[in-house]
1. Does segment A:502-520 hold any residues that are outside any strand (DSSP E or B) and within 15 Å of A:VAL477 (Cβ to Cβ), and which are they?
2. On the basis of being surrounded by fewer than 24 Cβ atoms within 10 Å (Cβ to Cβ), out of contact with any Cys (no Cβ under 9 Å at 6 or more places or on another chain), more than 27 Å from A:ILE449 (Cα to Cα) and hydroxyl-bearing (Ser, Thr, Tyr), does A:SER48 make the cut?
3. Can you tell me which of A:ASN360, A:ASN421 is touching a residue at least 40 places away in the same chain (Cβ under 8 Å) and farther than 29 Å from A:MET240 by Cβ?
4. List every residue pair whose Cβ atoms lie under 6 Å apart, where the two residues are 6 or more positions apart in sequence or sit on different chains, the first residue falls within segment B:163-187 and is within 20 Å of B:GLU355 (Cβ to Cβ), and the second residue, located anywhere, is of a type in the set (Phe, Trp, Tyr).
5. Within segment B:344-353, is even one residue buried (at least 23 other Cβ atoms within 10 Å of the Cβ), in contact (Cβ under 8 Å) with a residue 12 or more places away in the chain, outside any helix (DSSP H, G or I) and not hydroxyl-bearing (Ser, Thr, Tyr)?
6. When you go through (1) within 14 Å of chain B (Cβ to nearest Cβ); (2) surrounded by 18 or more Cβ atoms within 10 Å (Cβ to Cβ) one by one for A:MET465, which number turns out not to apply?
Amino acid sequence: MQSNPLWYKDAVIYELHVRAFYDSDGDGAGEFKGLTQKLDYLKDLGVSAVWLLPFYPSPWRDDGYDISDYTSVHSAYGTLDDFKTFLDEAHRRDIRVITELVLNHTSDQHPWFQQARGSRDNPKRDWYVWSETPDRYKDARIIFTDTEQSNWAWDISSKSYYWHRFFSHQPDLNYDNPAVREEMWNVMRFWLEMGVDGLRLDAVPYLVERDGTSCENLPETHDVLKFLRHRLDENFPDKMFLAEANQWPHDVRAYFGSADECHMAFHFPLMPRMFMAIKLEDRKPVVDALDRTPAIPAPCQWGIFLRNHDELTLEMVTMDERDYMYDEFAKDARAKLNLGIRRRLAPLMESDRRRIELLNGLLMSLPGTPIIYYGDEIGMGDNIYLGDRNGVRTPMQWNGGWNAGFSAADPERLYSALISNPLYGYQIVNVESQKRSEHSLLSWMKQLIRVRKSTRVFSRGTMEMLHPLNHRVLAYVREFEGEKILVVSNLSSQAQAAELDLRRWKGTVPIEMFGGNPFPRIGDLLYLLTLGPYHFYWFRLRQL
Amino acid sequence: MAETAQLSDEFIRQLSAVGEVDVLVGIPTFNNKDTIERVVRAVQIGLTKYFHRDRCVLINPDGGSTDGTPEIFKNASVSDFEIMLTSNPLRTFHRVSAPYHGIPGKETALRTLFVAADLLRAKACAILSPTSLSVTPEWVESLVRPAYRENFDFVAPLYQRQKFDGLLVKGLLSPVVRAAYGARIREPVAGDFGLSGKLARHFLDKNIWDQDMTTFGLEIWMTTTAIVDGFKISESFLGPRIQPAPQFGQDLPGTIRQVVGALFKCLEMHESYWLAHSGSEALPTFGFQYDVALEPLKLSTKTILDNFRSNIDQLVPVLESILTPATLVDIRKMIDLPDKQFRCADELWVKTIYEFAAAYHHSAINRDHLLQALTPLYRARVSSFILENAKAPAAKLEQKFEDLGQEFERQKPYLIDRWTAKAGGDR
Amino acid sequence: MKDVVLRSLHETFGKFGDMLLQFLPHLLVMLIIFVVGWFVAIILKFVTRRIFAFVRVSKLSKDAGISQLLSKADLPPASELFSSLVFWVVWFGFLLIGVDALGVPELQLEVGKFFLFLPQIFVALLVLFGGLLAANFFSRAALLAAVNANLPSARVVSGFVRFIIILLAVAMALEQIALARSTVLITFAIAFGAIMLALAIAFGSGGRDAAHRMLDRMFPPPEPKKPEERTKQEEISPL
């Protein structure tokens, strides 16, 4: 792969679960061998990086986020060699690989914890956070409100409490212990040396605890990150850290440090507001979110996304906004989980192709690196009757045949039921059918990604928000190295007209980027554009 | 469909940008720089607090203010309130300024608002007076909710008034509307009211807009037309009503001429309805009514009574053309009453008003003069009422007004007789 | 001599008879015109009464205060009076036409003058009627305004307004029929001027205090309100 320290800025990332992607050995669940076989599909789609959900050995009580061995591959997914092969094949196709590193906690089945709980004198004891009473760190909130009542769990063996911000079977590591830091660096180095290009640092705000605080975003946590980043820069200058910090923008900002912590971080507050804006038919939520987004160091980048493997989180919104989102998007109470909505993009958009396209258009044009969740490129549906967040982690739908082409196993053996209803079922929604049509969502997504990658304005450019009088129209200009792109989106279900003040770019000719057609030159008057329902324009502003 | 030729391009442009709305609030202004900011802030907070999920717009039709009112309207901000608000507005808040040309007046302002409501397909509207010093954000909710969520078409306000405030309304306008139209609206001429989009469009289709209805005329006309055309009416409690020092205190004759004239004109317009209608019904009321200790007024009636005594004699030639001889005799008897026993009984008052109404209808004398002749009688009635009830508690006063309303209803056949008698019939 | 007398008488009576014979057709015509005129006048009176009823003249005259004047003078009501007037004017007109038909030149001249004079009379009557209407209207307006402004002696003001307007109307009517034009004009000017002067003197010296109070009310001096000052009833809002 070509060396490019800022590759993550120009990337289009595809998030997938190894287990859900492709089963090549007929055991009912996907694995690396299968994934490797589908790399051509990803190449064809146009994505340039793949983010894999955890594939490490694990008791699977939190879908792999409870890790019991950091430097191996779960046998269900194959072997370390299978992974290496996958890595090489991906790189051969110019696809980089981002894996998960669950820094904050391990499974309670991890040997470290087994040792730590075995005896109070064990050297690993101090690798976790213990207490005699559950009264410490009272101000820390509970994250998995649906299942946990406390952040402390009682360990029968060592007769003391251990700290866990997530499930009780996921004890938190103690980052005040330098040995922990060193060991985690060793884990990182293991994968990076193998060729992994980036690490998503899961649950990074919760690394360190202190009494009298919320135990989130503490300075000590940032020190840990600086330590790890420093090692990274010394040894692997073109690898990347991606922080998962579900916080308000000014708190997330801290995870970039002065370009000495993480390279990327997810923009959590923006995501629900894109959905809100479409439902309200008003650009205000998006504009507000972007207004409140702080500037970040030049080498850093936001990661923007529409959906992911978790519920659509509503932690970073006000109570009224949350109520609104629930009322509009989770009319079925089963769709609610923790503080979010566990649905995929297509069902949230009520299978409306235009809205799905509009949201993807925003995803690809707003500042940040876009992350597509597997299956959303064909408009996959979900299953809210599956437990936890498994409803959005069903098998990838490759064709309308046996097991949706996902696996040759007996359907009863599949790790999860397929989506099979008449609206989103694999017989209707699958890759094969959509490949055969130039007008399918898949084909459209390919074109979208292609146009996005045709310029670096989207990935690296500045953004200037425009404020047309019509609040249903969201318009902004991206600019990078003299190149300018005007993005205009109609957030409403009805045709709209908008007059844009483009006089700063007077004299340029807008060329519509999908069709290549020139529009009238920008003059002294306000530029009038009309847009169909949910329609958007990308214009390259050319000096002609 | 209403003509929109008088809307300026700029206004239409702003409306297009707003698009379809659920709630429209209008504040017509003309030189209200002292009070407009307060009202705008109350409206914005009210909309944010109670309608934060709904598409709202605040429109200000301004009749060419020269004191900077439109600028104050545009710039009034609630940023100091935002910390206190529990709701963060989900939507863009629209504020539209709509200067109109021509004679500044309620008609053009209201018509502008109704046209906007029509264009924006507003489901519910509220119109607020720019001079209410006691307006609160809750007023918006109280006036909009019945129309927006409860399917009412017209929402009349209910104020907590000082004892003797608004006696023209309570002593004449309201009971006449009650007796004639059968609806017990306590504030038929208020500057603050709510209405459904449907009713706004209905008003637009009427031919009233080219006639000179004057400020109060339009309000009475709206109230009575809504009743006559079968729309659902309700009342909504707003709270205390405090206005700046009354502008019309010095021009009572002018006020009576306008308001009572409008009332009588409406009676003419809606003749076929109220002649056939009898009885009255209380209206559904929204809001929690509470009592507020308002500053009591100290009143002087001596001068009024002295003037009354001298004035009535002088007015006899005029009154002869309006009232029946019997009524005139009764009124003249009041002259001989000493101050402390001065009374204008309900029966006499109602009879007088009805005779005035009929005389108006038959154009016994020039209508303008007829209405002016009512002023000294109104003053006498007010004096009588104040003298009689100076120490009465609010509840007792409410009963008095209810009794008065019933008296108006009881004498309605008399009104009908006089109204339908041939012109020039016996005096 | 007897023959001369007889012949003279015969000639004279003969001439007289001829004159009479010549005159009789004219007389007959005159009489026919009288009779026809009478019928026309009756018809017109009837038509006029109908028109007046249609135009509601009775109401107008009531407004003008004429009905009251007429009833006080034991005269028939206005429309009756007007239609009678129309009858008499029309018949008188026919009488004159009949007289004119006699063919006596001096009479014809006078008849002509009369017919020329007729329009002036109508206009004068209209002016008078309009004046009475206006007087009634404005005097009542003044009365009401004065009463509502609590001015003392409102009736005086009202009467004064009526007087002035009637005076003006009478003067205009008289001028219209060119009756003692200069006399009327000068008399009116003097009367009007005298009234104004009297008013000024009365107001300025005798009514000084009243004037003072009125001006104070119109342009109140800025003085601080005493706390116990009572609210005047006018300051309660009626609405």
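1. Once the filter is applied, which keeps residues that are outside any strand (DSSP E or B) and within 15 Å of A:VAL477 (Cβ to Cβ), segment A:502-520 yields A:LEU502, A:ARG503, A:ARG504, A:TRP505, A:LYS506, A:GLY507, A:MET513, A:PHE519.
2. no
3. A:ASN421
4. B:PRO175/B:PHE408; B:ALA179/B:PHE408; B:ALA180/B:TRP274; B:TYR181/B:TRP274
5. Yes, segment B:344-353 contains a residue that is buried (at least 23 other Cβ atoms within 10 Å of the Cβ), in contact (Cβ under 8 Å) with a residue 12 or more places away in the chain, outside any helix (DSSP H, G or I) and not hydroxyl-bearing (Ser, Thr, Tyr).
6. Status for A:MET465: all satisfied but (2).
Here's the yes/no breakdown for (1) touching a Leu at 6+ places or on another chain (Cβ under 9 Å); (2) farther than 21 Å from B:GLY279 by Cα; (3) outside the structural domain of B:LEU267 (by TED's automatic domain parsing):
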| site | (1), (2), (3) |
| --- | --- |
| B:MET334 | yes, yes, yes |
| B:ARG343 | yes, yes, yes |
| B:TYR354 | yes, no, yes |
| B:ALA358 | yes, no, yes |
| B:ALA364 | yes, yes, yes |
| B:ALA390 | yes, yes, yes |
| B:LEU404 | no, no, yes |
| B:ILE416 | yes, no, yes |
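To keep it simple, each residue is scored yes or no on (1) among the small types (Gly, Ala, Ser); (2) under 19 Å from B:VAL78 (Cβ atoms); (3) at pLDDT 90 or above.
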site	(1), (2), (3)
B:ALA2	yes, no, no
B:ALA5	yes, no, no
B:ASP9	no, no, no
B:ILE12	no, no, no
B:PRO28	no, no, yes
B:VAL43	no, yes, yes
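The values are calculated or read from the model by the stated rules, or taken from the named source; none is laboratory data. Everything quoted here is computed from the prediction, not taken from an experiment. When we count neighbours, we look across all protein chains shown, and the Cβ atoms used for this are built from the backbone with ideal geometry, even at glycine.
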